[in-house]
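What follows is a single structure, and I will ask about it in a moment.
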Amino acid sequence: MKLLITSGGTSEKIDQVRSITNHSTGKLGALIAESFLARGDKVTLVTTQSAVKPASHPNLTIQIIKNVQDLLETMQPLVKTHDVLIHSMAVSDYTPIYMAGFDQITASQDLTEFLNKTNVQGKISSQDDYQVLFLKQTPKIISQVKKWNPNIRLIGFKLLVEVSKEKLLAVARASLVKNQAEIIVANDLDHAYLVKQDSVIEATTKEEIAQLLLTHIHAKDNL
């Protein structure tokens with residue numbers, strides 16, 4: 001079986017020396033990859049430079065990306081050639097388009113003028129006491145997966161914080177249907193739930209999540 005796994009967290013550039021990112025370590029993705037490699041599967045891991053990675057293995061291929069655009073361009077051809085996608089990467093929801101000094105913003109009559117600008121400096125000046133950063137939404141890659149390959153088996157992930165269990169599971173179920181996934185792994189930093197069409201399984205550790213996904217994928221593969 002050929003698995004495509006994403007892990008770590010993307011980073012979006014503000015200028016040549018600054019970026020916005022998230023705190024994802026890539027540990028879960030690495031554990032999942034190791035579990036399938038131990039089973040004899042072939043794994044392509046799309047991850048980031050700083051993320052935790054599995055030990056070298058003859059059935060492991062690693063591709064390094066930085067931002068959402070890299071991820072999009074890398075994943076599209078890979079999705080077409082793999083049997084399963086486990087999309088555990090923390091993908092940036094927004095990317096910077098322009099940073100402006102507070103004085104520029106307050107003097108503007110129309111903030112939309114900043115939406116078509118880009119930062120051209122190698123390093124934006126730090127002279128201003130305040131800066132305003134304009135962001136735009138990045139593409140939702142998980143929503144493209146079944147368009148690229150209708151037959152791929154999709155496992156998605158959803159993180160929400162400070163929400164009830166009911167809300168977390170409702171959002172996961174909506175994502176399950178919308179993205180035609182087999183499982184959405186929903187978590188709120190304290191608890192994780194593997195949400196299927198007809199069941200919910202709670203997992204308490206990253207190792208348990210990896211083993212549950214391994215069991216699910218291979219159980220269905222053997223039907």
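The values are calculated or read from the model by the stated rules, or taken from the named source; none is laboratory data. Quantities reported herein were computed from a predicted structural model and do not represent experimental measurements. Every residue, glycine as well, gets a Cβ built from its backbone with ideal geometry; the counts of neighbours run over all protein chains shown. To get the accessible areas, we keep the full protein, side chains included, count just its heavy atoms, and leave off ligands, DNA and RNA. Shrake-Rupley method; radii C 1.70, N 1.55, O 1.52, S 1.80 Å.
Return the residue satisfying two criteria in turn: it lies in the range 129-149 and is touching a residue at least 24 places away in the same chain (Cβ under 8 Å), open to solvent by 70 Å² or more (accessible area, probe 1.4 Å) and assigned to a loop (DSSP other than H, G, I, E, B), and of such residues it is farthest from residue 11 (Cα to Cα).
Per the criteria, the residue is 129.
Something else about it: State yes or no: is residue 31 among the aliphatic types (A, V, I, L, M), over 20 Å from residue 214 (Cβ atoms), open to solvent by 10 Å² or more (accessible area, probe 1.4 Å) and touching a residue at least 24 places away in the same chain (Cβ under 8 Å)?
no
Report, by residue number, each residue of the range 166-212 that is among the hydroxyl-bearing types (Ser, Thr, Tyr), part of a loop (DSSP other than H, G, I, E, B) and either touching a residue at least 12 places away in the same chain (Cβ under 8 Å) or touching a Lys or Arg at 6+ places or on another chain (Cβ under 7 Å) (or both). Outline the logic, then answer.
Going residue by residue through the range 166-212, those that are among the hydroxyl-bearing types (Ser, Thr, Tyr) are 175, 193, 199, 204-205.
Filter again for part of a loop (DSSP other than H, G, I, E, B), leaving 199, 204-205.
Of everything in the range 166-212, just one residue is among the hydroxyl-bearing types (Ser, Thr, Tyr), part of a loop (DSSP other than H, G, I, E, B) and either touching a residue at least 12 places away in the same chain (Cβ under 8 Å) or touching a Lys or Arg at 6+ places or on another chain (Cβ under 7 Å) (or both), namely 204.
Tell me which residues, restricted to the range 150-161, are in contact with a Leu (Cβ under 9 Å, 6 or more places away or on another chain) and in a loop (DSSP other than H, G, I, E, B).
152, 160, 161
I'd like the full set of residues that are open to solvent by 20 Å² or more (accessible area, probe 1.4 Å), out of contact with any helix residue (DSSP H, G or I) (no Cβ under 6 Å at 6 or more places or on another chain) and not small (Gly, Ala, Ser), limited to the range 37-52.
Within the range 37-52, 39, 42, 49 meet the criteria.
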